[in-house]
Amino acid sequence: MKTLSLIIALVLSVTFSNAQEEKNEKTITITIENITNNNGHVILSLHTEDTFMKGQGIQMEKSDIVDGKIKVTFKNIEAGTYAIMALHDENDNNRMDFEDNGMPKESYGMSNNPATFGPPQFASAKFDLKEDLEMKIIF
C-alpha cells in the first residue's frame with residue numbers, strides 16, 4: 001500500500017510541476033504617438049501570415065486615445081513570425097471606412113512602418129518575435 005501511495009504521489013507531483021512550468025511566452029508593446037485626434041479608438045491586430053488581411057488576427061486590442069497617443073501590449077505570444085496592423089477607428093464602427101475611390105478614410109499603420117502603395121503585404125510588415133519587443137507604429 002505504501003508503494004502504491006508513493007507512486008501516486010510521484011505521478012501527481014511530476015504532473016503538477018510540469019503544469020506550473022512557465023511557458024516561453026513573450027509580450028509585444030506597441031506605441032503610436034502621431035494620432036490626429038482623440039476620436040474613437042485605435043484597433044490593433046496581431047497576425048500570422050495565414051490571418052493577414054483575412055479578417056481578425058490571432059489577438060486584437062482596442063485602446064482609448066489620450067493626447068494623440070496610445071500604448072498597447074499583446075501578452076502571452078509564442079515566439080514566431082508576426083505582423084501588426086493598426087487602425088484609427090474614428091467613428092467606432094469597428095472597421096475601416098473607405099472613400100468612393102477605394103482610398104481609406106481613416107488612418108492606419110503596420111509593423112515596420114512600410115511605405116506601401118496598394119494593399120498591405122505581410123512580407124513588408126512581418127517581424128520575428130524571439131524576446132519581448134517594443135515598437136512604434138506611425139500612421
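Read-outs: derived from the displayed coordinates by stated rules, not from any lab. Predicted model, so just to flag it, every value in this text is computed and none were measured. Note: ideal-geometry Cβ built from the backbone for every residue, glycine included; neighbour counts use all protein chains shown.
Take each of the peptides 128-135, 52-59, average the number of other beta-carbon atoms within 10 Å over its residues, and list them starting from the highest. The partial results should precede the final answer.
Numbers: 128-135: 12.6, 52-59: 14.2.
Order by mean packing, descending: 52-59, 128-135.
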* Structure fact -> Between Lys136 and residues 5 or more places away or on another chain, the pairs with built amide H atoms under 5 Å apart involve Thr31
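In the structure displayed, which of Lys26/Lys62; Lys75/Lys105; Lys105/Lys130 lie more than 28 Å apart, Cα to Cα? If you can, show how the numbers build up before the last one.
On the way: Lys26/Lys62 19 Å; Lys75/Lys105 30 Å; Lys105/Lys130 35 Å.
Going by Cα-Cα distance, Lys75/Lys105; Lys105/Lys130 fall outside the 28 Å limit.
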* **Förster-model FRET efficiency, 30 Å R0, Asn113 and Glu25, C-beta, rounded to 0.05** => 0.70
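Full-extension gain between Val66 and Met96, please, as 0.36 nm times their residue separation minus the C-alpha to C-alpha distance. Don't skip to the end; give the middle numbers.
Details: separation 30, 0.36 × 30 = 10.80 nm, distance 2.06 nm.
Value of the extension gain: 8.7 nm.
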* Structure fact -> For the stretch 79-118 the chymotrypsin sites (Phe, Trp or Tyr not before Pro) that pass both the DSSP coil test and the at-most-15 other-Cβ-within-10 Å test are Phe117
